[in-house]
1. Given the -39500 (n - 2.57) contribution per DSSP H run of 4+ residues, what per-residue ellipticity at 222 nm results for the chain, rounded to the nearest 500 deg cm²/dmol?
2. Per residue, how much accessible area does the chain show when a 1.4 Å probe rolls over the protein heavy atoms, in square angstrom?
3. Pick the calculated Cα extents along the principal axes in Å for this structure from [x] 44, 38, 22; [y] 56, 28, 22; [z] 41, 31, 25?
4. Relative to the present Cα-Cα distance, how much length would full extension add between residue 17 and residue 74 at 0.36 nm per residue of separation?
5. What lysines could a cross-link reach from residue 61, if we take a straight Cα to Cα line under 28 Å and drop same-chain neighbours fewer than 8 places away?
6. When the accessible area of the chain is computed with all protein chains present and a 1.4 Å probe, what percentage of it is carbon and sulfur?
7. Positive end of the dipole of the chain, charges at C-beta (+1 Lys, Arg; -1 Asp, Glu), about the Cα centre: which of 38, 59, 81 has its Cα farthest in that direction?
8. Helix hunt in the chain: which complete DSSP H runs extend at least 15 Å axially by C-alpha with mean Kyte-Doolittle at least -0.5?
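The values are calculated or read from the model by the stated rules, or taken from the named source; none is laboratory data. Keep in mind that what you see is a predicted model, and the values were worked out from it rather than measured. We place every Cβ from the backbone using ideal geometry, glycine too, and count neighbours over all the protein chains shown. Only protein heavy atoms, including side chains, enter the accessible area calculation; ligands, DNA and RNA are left aside. Shrake-Rupley method; radii C 1.70, N 1.55, O 1.52, S 1.80 Å.
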Amino acid sequence: MSNTLDSSTPISEEEVVASTIAQRCSQPRKRQDLITSIRRDSTTTCDMTRESIEGPEEISKEDRILRAWVAWKVSVAYKHAYAATSFGLISLEVIFRIMRQIDALDL
């Protein structure tokens with residue numbers, strides 16, 4: 001199954017992030033099945049991307065932040081590429097989550 005209702009209109013990054021499809025379809029079931037598929041696939045992709053950015057568990061939190069910062073810089077450098085914005089948002093989420101973990105240790 002492709003991630004589009006018809007072959008002439010590819011799904012946008014915004015639709016993937018929002019887990020929806022803006023285009024209407026005469027077959028509501030087909031549209032809902034596609035939305036469910038997109039949600040499942042994007043969740044898996046985001047989880048895998050997040051894990052790749054963070055790296056192995058044995059590296060320090062500071063090194064994880066550095067890896068995420070580099071990922072953020074890549075997303076900015078390639079901002080016109082498909083999914084660059086999502087990649088950047090995942091990178092920032094990693095940075096902020098790890099910073100909260102470090103901050104909790106300092107209390």
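1. -23000 deg cm²/dmol
2. Numbers: 7510 Å² over 107 residues.
About 70 Å² of surface per residue is accessible.
3. It is the value labelled [y].
4. Gain in length upon complete extension: 18.6 nm.
5. List returned: 73, 79.
6. 59
7. It is 38.
8. Qualifying helices: 61-77, 84-105.
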